[in-house]
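Trainee: Please read through the structure below; I'll follow up with questions.
The values are calculated or read from the model by the stated rules, or taken from the named source; none is laboratory data. This structure is a prediction, so every number in the text was calculated from the model and none was measured. Cβ sites come from the backbone with ideal geometry, for glycine too, and all protein chains shown count toward neighbours. When the accessible area is computed, the model is the full protein with side chains, heavy atoms only, and any ligands, DNA or RNA have been set aside. Shrake-Rupley method; radii C 1.70, N 1.55, O 1.52, S 1.80 Å.
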Amino acid sequence: MEPNSLKWVGSSCGLHGPYIFYKAFKFNRDGKPRILSLGDFFFVRCKPEDPICIAELQLLWEERTSKQLLSSSKLYFLPEDTPQGRTVTHGEHEVIAVSEKVIVRLEDLVKWTVPDFTGWANSLKAEPLKPSVLRELGTNGRREALHRYRESTLTSGLNFKDVQRERAQLGQEEDGRKVLVLSYPQYCRYRSVLARLREQPSSLLIDHTVLALGGIAALDGSTRILYCRDTFEHATLLQNESICDEFGKCGS
């Protein structure tokens with residue numbers, strides 16, 4: 001991470017005591033700017049010797065007295081990277097969540113990120129929209145409407161218009177959606193929608209009724225779908241020096 005590159009993106013979204021909560025942040029790594037926002041899924045490696053896993057960004061905040069920039073994320077591992085290992089009961093597209101959320105400083109979270117990880121084979125590739133549909137989205141404003149709908153369903157109705165605008169300027173509209181971890185019921189609904197829409201125009205994938213029934217509109221073919229239905233205790237994760245057990249420890 002480049003020095004002093006951390007910056008909040010968009011307006012704050014809440015206050016509680018000494019804490020100010022935010023929706024997104026921007027950083028530079030290897031000379032490339034990147035934005036991560038609440039609800040994003042992205043690849044991380046907690047230690048150099050650890051396997052790559054997926055982080056879901058759930059909370060961002062600043063501690064006003066110490067000026068610490070903090071994050072809370074949920075981590076997902078492939079079954080073979082958990083103590084129990086992969087068994088015949090695990091699905092091909094299944095990941096297992098760590099039972100405890102991890103709180104780390106933003107500067108450490110950035111160090112964990114894996115910019116472009118193409119070796120993750122255990123996933124379902126989302127059905128992309130056809131080029132003709134993408135052109136239509138760009139010409140009649142439906143692209144922005146689609147982003148608003150997706151953000152509202154994934155992030156409890158927070159307004160991400162300011163974040164999405166800055167992401168669009170960087171050409172990273174889909175950056176936080178290249179991998180998605182669904183609940184098992186959501187995954188089943190998505191597979192059902194795909195089966196029903198087979199041989200149908202891809203434009204139906206952006207229909208609000210289809211989206212409400214479990215459809216996922218991927219603007220390109222790079223989005224990967226996984227699901228989670230179980231958790232596990234990660235005994236060694238809390239030994240990671242980047243982990244903050246509580247807010248106060250981060251300021252020490």
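Trainee: Would you mind stating whether SER5 is over 18 Å from the mean Cα position of the chain (by Cα) and part of a strand (DSSP E or B)?
Mentor: No; evaluated as a whole, the condition is false for this residue.
Trainee: Here is a list of conditions, (1) more than 18 Å from LEU182 (Cα to Cα); (2) among the aromatic types (Phe, Trp, Tyr); (3) touching a Phe, Trp or Tyr at 6+ places or on another chain (Cβ under 9 Å); (4) open to solvent by less than 40 Å² (accessible area, probe 1.4 Å), and TRP8 meets all of them except one; can you say which number that is?
Mentor: Failed condition: (4).
Trainee: Another one. Restricting attention to region 30-50, report how many residues are more than 18 Å from the chain's Cα centre (by Cα) and open to solvent by 50 Å² or more (accessible area, probe 1.4 Å).
Mentor: Summing the residues that are more than 18 Å from the chain's Cα centre (by Cα) and open to solvent by 50 Å² or more (accessible area, probe 1.4 Å) in region 30-50 gives 6.
Trainee: On the given criteria, is ASP162 modelled with pLDDT under 90, touching a Ser or Thr at 6+ places or on another chain (Cβ under 9 Å) and of a type in the set (Asp, Glu)?
Mentor: Yes.
Trainee: Now for a separate question. Working only within region 70-97, note down all residues that are surrounded by fewer than 19 Cβ atoms within 10 Å (Cβ to Cβ) and touching a residue at least 60 places away in the same chain (Cβ under 8 Å).
Mentor: PRO83, GLN84, GLY91, HIS93
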